[in-house]
Amino acid sequence: MVKIITSLQNPLIKNVLLLGEKPRARKEQNRIVIEGLREIRLAISSGFRVTDIFYTPELVSAAEIKLLEPRENQVEMIEVTPGVFNRMAYRKDNGGLIALAEPRRLVFTDIQLTSQPLLLVLETVEKPGNLGALLRTADAANLDAVIICDPQTDIYNPNAIRSSIGCIFTMPVVTASSEEAIAWMRVSGIKMFGTALTALHHYHQTNFNQPSAIIMGSEATGLSNTWLEKADDLIKIPMMGKIDSMNVSTSAAIVIFEALRQRGFR
């Protein structure tokens, strides 16, 4: 029997709001909030365990709801009124669906490297919107993995999920310290290319036809000394205007797709 909720004071609704706002609550409850049919389907197809689905029939069709119906009775389907749903939803075009799911915390041994891997490494990423955009680029390029070093934001922040349009679920994402990432890539035979304005080589002069990782620093400070000193090579994008930096997601896309071009987009 489907549970129907009509009040904003319902403890389940209050908890969804809490999970959306507080990283600590997400960690303590081991739950994340996912909005939208596409994002929820990507999470399910990628092996994330969805525990609860909130929906309002006024915004989502029965056919769309059926696409998410569990094969086993492990997901609680909860109908809410439009007023309650609109209070729960951050994004107004999410199609009338919000899910709670268990996050996945991958480690390096979970990454299945191809014969010539290409990875994106992000150091101290701070803005969920930037993280989401970077994950979209990683998915478009079909990278082997994204490694987030010393993150300053929860990778399952609802805004990161929204801005990634669900690519947080399609990409293997590992969080680790910079030292752990460097040690793993050295053992794995992956050459580390750090991006820095002080680099002597341009990105298009770099040989990416080898196991490679592209290292991006924060927009505010760039790469730390750890990466500047331990990367195998430092590269840069030519800057021809008056400003010497671009958005980190734009910069990453430029370098990643140059690597793909060199590899014949294979």
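Each reported figure results from applying straightforward, stated rules to the coordinates on display, with no laboratory input. These figures come from a predicted structure and were not determined experimentally. Every residue, glycine as well, gets a Cβ built from its backbone with ideal geometry; the counts of neighbours run over all protein chains shown.
Of note:
- The chain: most fluctuating residue of Asn157, Asn30, Asn247 per GNM, C-alpha cutoff 10 Å: Asn247
- Cβ crowding within 10 Å ranks Val248, Val107 as Val107, Val248, fewest other Cβ atoms first.
- Packing here is the average count of other Cβ atoms within 10 Å per residue, and on that basis the peptides 168-180, 39-51, highest first, run 168-180, 39-51.
- q = 0.09, 0.16 Å⁻¹, the chain: log10 I(q)/I(0) [Debye, one scatterer per Cα]: -0.46, -1.11
- For the stretch 3-101, lysine pairs separated by 8 or more sequence positions, or belonging to different chains, with Cα-Cα distances below 20 Å total 5.
- Each Cα pair under 8 Å and six or more residues apart adds its separation to the average, and for the stretch 108-262 the resulting relative contact order is 27 percent.
- Beta bridges per DSSP, both residues in the chain: antiparallel share near 25 percent.
- Taking the DSSP bridge list for the stretch 3-101 and keeping only pairs wholly inside it, about 55 percent are antiparallel.
- Calculated SAXS-style log₁₀ I(q)/I(0) at q = 0.14 Å⁻¹ - the stretch 114-266, Debye, Cα scatterers: -0.61
- Set of lysines with alpha-carbon distance to Lys191 below 22 Å, sequence-local pairs under 8 removed: Lys230, Lys236
- Packing rank of 22-28, 187-193, where each peptide gets the mean count of other beta carbons within 10 Å, highest leading: 187-193, 22-28
- Antiparallel content of DSSP bridges confined to the stretch 54-207, in %, to 5: 15 percent
- For the chain, the relative contact order works out to 18 percent when only alpha carbon pairs closer than 8 Å and six or more residues apart are counted.
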